[in-house]
Structures are given as C-alpha cells and as structure tokens.
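Colleague: Below is the structure I would like to discuss, written out as structure tokens.
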C-alpha cells in the first residue's frame with residue numbers, strides 16, 4: 001500500500017499549515033484575505049497537477065508520477081519551513097498543490113489498476129480515506145511540534161518534509177504500476193473500442209465530461225467548503241471564540257472533522273448513495289448551525305458538537321460523491337485518471353472560491369460575521385442539493 005501511504009503523507013504535509021496560518025499572519029502582518037489566499041492558492045497548483053497527471057497516465061507509470069510529485073512536495077515543505085514573507089508562502093503553496101494533484105491522480109489510478117483487482121467500493125473507500133487521514137494528521141502533528149517549539153513554524157514543516165522523504169525511499173524500493181497496454185499500430189489502449197474511447201460503445205456521447213460529473217463534484221465541493229473554513233481560518237475563529245491559544249488543541253478540533261469523516265466512511269460504505277447524500281447534507285446543515293452558535297456564545301461543547309456534525313456530514317457526503325464517480329468509471333476503467341482528476345478539480349475549486357471569499361469579506365467586514373454569512377450561503381447550497389435529483393450520470 002505504498003501508493004496509499006504516499007498520498008496520505010502528501011495530504012498531511014499540505015494540510016499541516018492549517019494551524020500555522022494565524023502564526024504567519026501575526027509574524028508577517030498580512031490581512032485576512034492574504035491568509036485565506038495562502039491557504040486556498042494550493043488549488044491553483046492542484047487543478048493543473050490533477051489535469052496534467054491525468055493526461056500522462058496513459059504514457060507514464062503512476063509510480064513514476066508519484067515519485068516526481070513527492071519529490072516536489074519535499075521541496076515545497078522545506079520552503080514553507082523558512083519562508084520570510086507572504087509571497088514565498090503563496091509560491092510554496094502553489095507548488096504544494098501541483099505536487100498533491102500529481103500524487104492524487106497517480107495514486108487513484110494505481111489503486112484502481114491494482115493487481116489483483118479490488119472491489120470498486122473498497123477502492124473508492126481507500127481514495128476517500130487518503131484525504132481523511134492525511135488532513136487529520138497534518139494539523140495535529142504540526143500543532144504539537146509548533147507548541148513544543150514555542151509556536152514556531154519551521155520545525156513542523158521540517159518534520160513533514162522528513163516523512164515525505166521517507167515515502168520517496170519506499171517508492172524507490174517497490175515496483176511500479178504498469179502503464180495500460182496500447183495497440184502498437186493505433187497507439188490506443190487495448191481496452192478501447194471501435195470508437196477509440198475506452199469501454200464506450202460507438203454511439204456513446206463524445207463529450208469529455210459525462211453528464212452527472214459536475215453535480216457529483218459540486219456535492220463534494222460543498223462538503224469541502226465547510227472543511228475549508230475549518231482548515232483556513234477555523235483555528236483562529238475557534239481560538240478567539242473559546243479563548244484557547246494552544247495550536248495542538250485547535251489542530252485537534254479541526255482534526256475531529258476529518259477523523260470522524262473517515263470513521264463514517266468506513267462504517268457506512270454500504271449505505272445507498274441517495275440516502276448517504278441526504279444524511280450528509282443534513283448533518284452539514286446541523287454543523288453550520290452549531291458552529292454559528294459556538295461563534296456567538298464561545299461554548300466549548302458547541303465547538304465539539306459542530307466538529308462532530310461536520311465530520312459526519314463530510315463523511316457521508318464525500319463518500320457518496322466518490323461512489324458516484326466510481327460508478328461512472330467502473331464501466332470505463334481507462335478513464336479513471338481523467339475523470340478522477342476532473343472530479344477533484346471541480347470539488348477543490350469550490351473549496352478555493354468559498355475560502356477566499358471568506359477572507360475578502362473578513363477584511364471588508366469582520367471575520368466572525370463573514371464566516372456566519374458564508375456558512376449561511378453554504379447552507380442554502382446544501383438545501384438545494386438535499387432536494388435535488390442528483391443521480392449518477394452516464395457518459
């Protein structure tokens with residue numbers, strides 16, 4: 001499971017700065033908008049990383065792409081460890097995004113192509129858990145190291161750089177995932193049919209994005225929008241409301257969201273997709289209301305309940321969306337890389353737009369009021385998705 005471990009550590013290194021943004025902001029004196037941009041700008045690298053890696057998966061081994069992406073992630077973590085100004089933080093985060101996108105696309109393809117073949121549901125679960133475990137471990141590990149070093153930002157990122165280097169060693173020590181066989185005369189994959197498309201009948205729609213993909217991705221995007229608030233300004237908002245300044249504690253509260261989400265995904269993977277989606281949206285709505293109450297009252301119990309509900313909602317919602325996209329690529333396995341890339345790209349673009357909007361509003365207004373307003377907008381989206389007829393589309 002080298003592919004699984006590698007993407008988990010890359011995800012953790014990318015989310016480790018969650019508890020460091022407020023420290024960097026205090027040290028460098030930048031605005032709320034810059035803080036959210038530093039968080040969200042990794043999507044500017046993530047999206048092209050996903051797209052380019054998806055296009056290269058028919059030519060290069062997933063293991064080779066994972067190795068390249070992990071090496072770049074090591075460099076980005078080292079730059080973040082010593083960044084002197086916000087511009088360097090932004091640049092390093094973009095590079096982190098590129099690296100994560102490449103590793104995510106390559107590892108997804110490697111897991112789907114694994115030998116012996118795994119059940120589709122189990123593969124979808126593995127892909128989902130990479131984000132859950134990595135995003136949970138990142139802020140907690142960074143918070144502990146930051147508190148031990150007096151709220152320093154260098155040691156936390158150095159620690160994750162070392163773990164990434166360990167993944168490089170593992171990738172070099174293990175074999176590679178084969179590139180799909182290609183017809184020597186046509187240059188096409190051997191699984192392609194007469195239409196030149198993998199697994200599609202000659203009369204199939206030739207549009208590159210199958211119907212249903214956008215709605216599936218938006219479902220995941222709303223869920224990640226809530227998580228994005230926790231990951232970008234969440235520690236600062238929660239710390240201010242509760243009067244807590246321990247980065248370990250604040251990182252743990254954020255980690256609850258992803259940890260509970262992972263548990264839900266493990267325990268409920270047999271729940272039908274429509275029911276899972278409805279439960280997810282319902283719990284996200286409850287999380288939004290409870291988080292708003294916590295900001296207004298400063299109640300620790302409400303903070304914990306909000307994190308738990310957000311985790312349950314994220315778990316149900318993201319797993320249902322991943323199952324839906326898995327159903328699309330089940331019939332066309334050689335499209336796994338491209339379609340998974342598009343799915344992740346749309347979902348994370350939602351995260352970036354919502355998070356940066358929060359920062360802009362925070363500078364115009366105040367961050368707490370802006371968070372309440374943005375979560376209200378996300379709640380409207382959840383309600384719309386809750387009552388929509390979103391079903392797996394067909395290409």
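Colleague: Which of the residues spanning region 84-97 are part of a helix (DSSP H, G or I) and either over 14 Å from residue 42 (Cα atoms) or within 21 Å of the chain's Cα centre (by Cα) (or both)?
Modeller: Within region 84-97, 89, 90, 91, 92, 93, 94, 95, 96, 97 qualify.
Colleague: Then there is this: Can you confirm whether region 235-254 contains a residue that is in a helix (DSSP H, G or I), within 25 Å of residue 24 (Cα to Cα), within 18 Å of the chain's Cα centre (by Cα) and free of Cβ contacts under 8 Å to residues at least 60 places away in the same chain?
Modeller: Among the residues of region 235-254, at least one is in a helix (DSSP H, G or I), within 25 Å of residue 24 (Cα to Cα), within 18 Å of the chain's Cα centre (by Cα) and free of Cβ contacts under 8 Å to residues at least 60 places away in the same chain, which makes the answer yes.
Colleague: Tell me, which residue of region 348-358 that is surrounded by fewer than 24 Cβ atoms within 10 Å (Cβ to Cβ) and in contact with a helix residue (DSSP H, G or I) (Cβ under 7 Å, 6 or more places away or on another chain) is nearest to residue 221 (Cα to Cα)?
Modeller: Selected residue: 350.
Colleague: Restricting to region 146-163, what's the tally of residues that are in a helix (DSSP H, G or I) and surrounded by fewer than 24 Cβ atoms within 10 Å (Cβ to Cβ)?
Modeller: Residues in region 146-163 being in a helix (DSSP H, G or I) and surrounded by fewer than 24 Cβ atoms within 10 Å (Cβ to Cβ): 9 in total.
Colleague: Given the conditions (1) over 17 Å from residue 227 (Cα atoms); (2) touching a residue at least 24 places away in the same chain (Cβ under 8 Å), report the number of the one that residue 364 does not fulfil.
Modeller: The number of the failed condition is (2).
Colleague: Here's something else I'd like to know. Of the residues 81, 68, 44, only one is without any contact (Cβ under 8 Å) to a residue 40 or more places away in the chain and either surrounded by fewer than 24 Cβ atoms within 10 Å (Cβ to Cβ) or not in a helix (DSSP H, G or I) (or both); which?
Modeller: On the way: 81 fails: without any contact (Cβ under 8 Å) to a residue 40 or more places away in the chain; 44 fails: without any contact (Cβ under 8 Å) to a residue 40 or more places away in the chain.
68 is the lone residue from the list that is without any contact (Cβ under 8 Å) to a residue 40 or more places away in the chain and either surrounded by fewer than 24 Cβ atoms within 10 Å (Cβ to Cβ) or not in a helix (DSSP H, G or I) (or both).
Colleague: May I ask you to verify whether residue 307 is crowded, with 19+ Cβ neighbours inside 10 Å and either touching a strand residue (DSSP E or B) at 6+ places or on another chain (Cβ under 9 Å) or under 30 Å from residue 30 (Cα atoms) (or both)?
Modeller: Details: crowded, with 19+ Cβ neighbours inside 10 Å: yes; either touching a strand residue (DSSP E or B) at 6+ places or on another chain (Cβ under 9 Å) or under 30 Å from residue 30 (Cα atoms) (or both): yes.
Spelling it out, residue 307 is indeed crowded, with 19+ Cβ neighbours inside 10 Å and either touching a strand residue (DSSP E or B) at 6+ places or on another chain (Cβ under 9 Å) or under 30 Å from residue 30 (Cα atoms) (or both).
Colleague: On the given criteria, is residue 225 over 15 Å from the mean Cα position of the chain (by Cα), closer than 19 Å to residue 16 by Cα, in a helix (DSSP H, G or I) and at pLDDT below 95?
Modeller: no
The values are calculated or read from the model by the stated rules, or taken from the named source; none is laboratory data. These numbers come from a predicted model, not from an experiment. Cβ sites come from the backbone with ideal geometry, for glycine too, and all protein chains shown count toward neighbours.
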